[in-house]
Structures are given as C-alpha cells and as structure tokens.
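Chemist: After the structure tokens below, expect a handful of questions from me.
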Amino acid sequence: MNYQEAIHFIHGRPRLHRSRELTEIKEFLAAIGHPEQQGHFIHVTGTNGKGSVAEMVTEILLASGLRVGRFVSPFITRFNERIQVDGHNISDTDLADTTTYLANVLRHIQAERPDFALTEFEFVTALGFYYFAQRRVAVAVIEVGIGGAHDKTNVITPDVSAITTIGADHLELIGPTLDDVAAEKAGVIKKGVPVVVGEIAAPQLAIIKAYALREHAPLFHFGEAFQLLHPRLQPAQHRWLFDFANEAAGMHYKNIALPSISAYEVHNAATAIQVAVLYFAQNHGQLSEGAIREGMANFHWPARMELLHEKPFVLLDGAHNVSAVRALIDSVQQAFPGVTVHLIASFLQGKDAKKMLQYYIRAGFDIVGTDFKDPRLLPLAQWPEMPQPIRHIHDWRAALATVLQETDEDDLIIIAGSLHFVSTVRESLLGGDDDDV
C-alpha cells in the first residue's frame with residue numbers, strides 16, 4: 001500500500017462492534033507479538049483535558065531526555081498526528097508500511113475466520129502499539145478514545161494512570177449518569193498502579209476512590225496529594241504563571257510558565273506534572289525541575305483556546321460539551337474582561353446543544369449558528385428554540401466573513417461547538433494537506 005491506500009484501508013474499517021468487549025483487539029495484538037506488553041505506558045482518560053494532560057506529560061518527559069511515543073485521539077489536521085514519536089508524527093512511509101503489514105495479518109486471520117473484524121479505532125490502536133514497539137520508545141503516553149474500561153486502549157498495564165475530569169459527554173455510550181461515566185473511566189485503574197485524579201466532584205470522586213482502593217492503587221488527588229498554587233494570568237504575554245507543590249515529595253516549584261490563556265489548562269498542568277513525577281520516580285529517579293519548566297514552556301495544543309489573530313481577536317476552541325463550554329466561558333472572562341464576544345458555533349448530533357447555547361447566552365455572547373461538512377452535523381433547522389434569537393448563516397466561511405465585517409478591532413470572535421468543526425476551520429485558515437481528512 002501507498003499512503004493514500006493505507007488511509008483508505010483504515011477509514012474502511014467498521015466504526016463499531018456489536019459488543020463493547022476487548023476480545024478482538026486482544027486477539028489481534030497477540031497475532032502481532034503483543035506490542036502492548038512491550039515497554040512502558042502512561043494511560044490518560046477524562047471527559048475533558050485528557051489530550052492536554054497527555055501532551056504536557058509528553059513534553060515534560062521529552063525535556064528529561066526520554067524517547068517518548070504518544071497516541072492521540074482524535075487528530076486535528078492530519079491522520080498522522082494520532083501516532084507520534086519524540087513529538088514527530090508518524091511518516092507517510094512508516095504509516096503505509098505498518099498498515100500494509102497489519103492489514104496482511106488481519107486478512108490472514110479473516111481467511112480462517114471470516115466473521116473476525118476490527119473497528120477503525122481498534123486497528124489504529126494496534127498500529128500505534130506496534131509502531132511504538134518497533135521504535136523502542138522508553139514510554140508511550142496513551143490517550144483513551146472514549147470512556148475507559150471498555151476503550152480499546154485499555155489492554156495495557158501502565159506505570160501511571162490518570163483521570164482528568166468527569167463530565168456529561170458520550171452518555172449514550174458510557175452513561176446515562178455521571179456515576180456511570182465515573183465507573184467507566186475508573187476502569188483504567190490497574191492493580192497496584194498509581195492513579196492521578198484531577199478536579200472531580202465528590203460523588204464521582206468517591207466512585208473512583210473505591211475502585212482504587214479495591215485495586216490497591218495509590219491515588220493522588222488534585223488539591224490533596226498535589227496542589228496548584230497562586231495561578232495568575234498574564235494576558236499580554238499569553239501565558240499563566242503558577243506554583244506546583246507536592247509536600248510529601250518535597251516539591252514546591254514557583255513561577256512555572258504555561259503558554260496558554262486558558263484557565264482550565266493551568267489545572268491540567270498540575271495534573272500532568274504529578275503524572276510525570278510519578279512515572280519518572282518509578283523508572284529513572286527524581287524528575288528535574290528544569291524538565292518540568294521546559295516541558296510546560298513547550299506546550300502547544302491546537303484548537304484549545306488557540307489565538308489565531310489579533311485586531312480583532314480570533315480564537316478557536318474545541319468545546320463540545322457543557323463542562324467544556326463552562327470552562328471556555330470562564331477562561332474568556334478572565335483573559336478578555338469587558339470585551340464584546342461574538343461566537344460562531346456549529347454542533348454535532350448527540351450533543352446537548354440547548355444547554356451549551358444557554359450558557360453562551362447567559363455569558364452575553366452574540367451567537368451565529370453555522371454549518372460545515374460533516375455527516376454528523378446537527379443541521380441549523382434542528383437547532384433548539386431559544387428565548388434569544390440566534391442568527392443562522394449557512395456555511396462557516398460566510399458566517400466568519402459577516403462577523404468580521406461587524407466587529408471592532410478590540411472584539412473577540414470565538415469559533416467553537418465541535419472539535420471537528422474547529423479543526424475544519426483551522427485547517428482552512430492556516431492551510432495544510434487535507435487529502436486524508
């Protein structure tokens with residue numbers, strides 16, 4: 001296969017199994033030599049923040065001199081982003097060659113068992129594990145797709161697990177209640193493996209603590225085992241400064257700089273530092289303060305409070321559920337106090353568009369609804385009725401052009417509602433290769 005054929009093959013896998021079990025991916029991983037049992041892993045889940053934490057942990061460990069793999073879900077611009085080594089995406093050639101090999105193994109299994117199938121996510125997960133084993137990374141940071149216990153990445157025994165947040169998303173798959181979501185995400189906890197937990201409400205935290213106790217897994221909770229102290233936003237420098245403390249480990253690092261204007265990212269940063277500290281302590285000794293500072297300084301996470309333009313400000317954020325919307329509004333109010341905010345939004349089906357719009361209206365945002373090319377799009381005709389009229393402008397380019405004509409140079413334009421929508425806008429505005437999207 002060449003690169004395009006490999007992408008076509010991957011996207012041609014079915015999206016879902018009839019069963020949520022891990023039987024098929026475990027059998028396939030056995031057929032390719034159990035790469036999920038080779039090397040070290042860090043496993044990260046959470047309703048929001050898992051991608052940021054995984055990226056921050058990766059940057060800290062890279063700054064410490066380790067060879068680090070990273071499995072990303074989902075990608076922003078190119079499929080290759082999903083599998084990275086040392087901060088570099090898998091090359092087109094390596095992706096094509098690895099896909100060719102794994103596809104041949106899959107065909108061999110199917111020749112004997114025609115009913116055997118792997119979903120697209122299972123195939124990509126196996127591809128990532130195999131590639132990391134081939135590249136002999138010191139550690140691979142694995143981001144969960146959806147949930148935890150039944151996620152196809154949950155075939156590893158990591159050195160550290162992390163649960164960033166619990167919120168109302170994918171309830172049709174792992175709900176319907178937040179307690180169900182907490183139980184599903186607690187499924188990443190393994191016997192004796194330390195787990196780092198971010199800011200989580202008391203009822204769901206109790207569920208996670210019960211799982212950890214049952215598995216004899218040491219639990220490190222945000223605000224208890226480790227602390228974020230004195231966070232302060234410096235808008236002109238587009239960064240946060242904060243202190244990190246873990247008194248039991250004798251750590252108190254002051255004025256760590258994080259190049260982000262997002263209030264929620266500074267909380268993710270504390271969680272990520274704790275994860276990296278625990279992994280390093282198990283395998284390499286004490287993590288240096290310098291590696292922490294360098295890793296934080298290198299953090300860049302596209303489409304999350306990403307500022308693309310000034311005069312007027314144009315900001316992209318992948319907020320696609322209620323908790324992410326609330327975090328976005330909080331960040332905007334801190335970074336842009338008193339600024340007129342224009343929101344260009346597009347949603348996917350199955351999301352709580354009504355409640356998200358309610359929060360945006362309450363925040364005083366001027367809202368324009370639009371659409372983009374995606375089979376899961378929630379059409380404007382199906383948007384919920386709201387007490388405040390919301391303009392509908394079909395095609396996001398027309399919506400952006402209209403809003404730009406109406407704004408003053410000190411205004412803020414936010415593009416949000418779906419990570420897929422924001423990725424589409426970002427790629428169009430910044431340019432790039434979209435052949436595989």
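The values are calculated or read from the model by the stated rules, or taken from the named source; none is laboratory data. In this text the structure is predicted, and so the values were computed from the model without any measurement. Cβ atoms come from the backbone with ideal geometry, glycine included; neighbour counts cover every protein chain shown. Just so you know, the surface numbers come from the protein's heavy atoms only, side chains and all, with ligands and any DNA or RNA stripped out. Shrake-Rupley method; radii C 1.70, N 1.55, O 1.52, S 1.80 Å.
Chemist: Starting with the highest mean, order 53-64, 405-416 by the number of other Cβ atoms within 10 Å, averaged over the residues of each peptide.
Modeler: Per-residue mean Cβ counts within 10 Å order the peptides as 53-64, 405-416.
Chemist: Here's something else I'd like to know. Before anything else, pin down the relative contact order of segment 195-235: Cα pairs under 8 Å, at least 6 apart, normalised by residue count, whole percent.
Modeler: Averaging sequence separation for qualifying contacts and normalising by length gives 48 percent for segment 195-235.
Chemist: For the chain, what does -39500 (n - 2.57) per DSSP helix run (n ≥ 4), summed and divided by total residues, give at 222 nm, in deg cm²/dmol to the nearest 500?
Modeler: Result for the chain, helices only: -12000 deg cm²/dmol.
Chemist: When only Cα pairs under 8 Å and 6 or more residues apart are kept, what is the percent relative contact order across segment 145-280?
Modeler: 20 percent
Chemist: Okay, moving on. Given labels modelled 7 Å from the Cα in the Cβ direction, how far is it in nm from residue 20 to residue 334?
Modeler: 3.4 nm
Chemist: Moving on. Arranged from highest to lowest average of other beta-carbon atoms within 10 Å per residue, in what order do the peptides 312-324, 39-51, 248-260 appear?
Modeler: Averaged packing, sorted descending, gives the order 39-51, 312-324, 248-260.
Chemist: To the nearest 20 debye, what charge dipole does segment 207-341 have about its Cα centre, counting +1 at the Cβ of each Lys and Arg and -1 at the Cβ of each Asp and Glu?
Modeler: The calculated dipole for segment 207-341 is roughly 120 debye.
Chemist: Taking a virtual spin label 7 Å from the Cα of residue 108 along the C-beta vector, which residues in segment 1-36 bring their backbone nitrogen under 11 Å of it?
Modeler: 31-33
Chemist: While we're here: Work out how much length residue 397 to residue 284 would gain on full extension: take 0.36 nm times their residue separation and subtract the Cα-Cα distance, in nm to one decimal.
Modeler: Length gained, residue 397 through residue 284: 35.7 nm.
Chemist: I need to check one value: relative contact order of the chain, counting alpha carbon pairs closer than 8 Å and at least 6 residues apart, in percent.
Modeler: Once divided by the residue count of the chain, the mean separation gives 16 percent.
Chemist: Sticking with this one: Kindly write out, for segment 62-77 in residue order, the coupling ³J(HN,Hα) from the Karplus curve 6.51 cos²θ - 1.76 cosθ + 1.60 (θ = phi - 60°), rounded to whole Hz, with x marking Gly and Pro.
Modeler: Along segment 62-77, the couplings run 4, 5, 7, x, 8, 8, 10, x, 9, 10, 10, 8, x, 8, 9, 10 Hz.
Chemist: If you don't mind, there's one more thing I want to ask. How do 356, 1, 386 stack up against each other in accessible area, from largest to smallest, with a 1.4 angstrom probe?
Modeler: Per-residue accessible area, sorted high to low, gives 1, 386, 356.
Chemist: At q = 0.16 Å⁻¹, what is the log10 ratio I(q)/I(0) for segment 274-350, with the Debye formula run over Cα points and no solvent?
Modeler: Values, matching the q order: -0.79.
Chemist: Using θ = phi - 60° and the Karplus curve 6.51 cos²θ - 1.76 cosθ + 1.60, what whole-Hz ³J(HN,Hα) does each residue of segment 311-320 get, with Gly and Pro shown as x?
Modeler: 6, x, 6, 10, 10, 9, 8, x, 3, 9
Chemist: Among 166, 178, 226, whose Cα sits farthest toward the positive end of the charge dipole of segment 98-240 (+1 at Cβ of Lys/Arg, -1 at Cβ of Asp/Glu, about the Cα centre)?
Modeler: My answer, from the dipole projection, is 226.
Chemist: Please report the orientation-averaged projected area of segment 87-172, defined via the convex hull of its C-alpha atoms, in nm².
Modeler: 7.7 nm²
Chemist: For the pairs 185/355; 152/185; 152/190; 26/152; 50/185, flag any whose C-alpha to C-alpha distance is greater than 18 Å.
Modeler: Too far apart for the 18 Å limit: 185/355.
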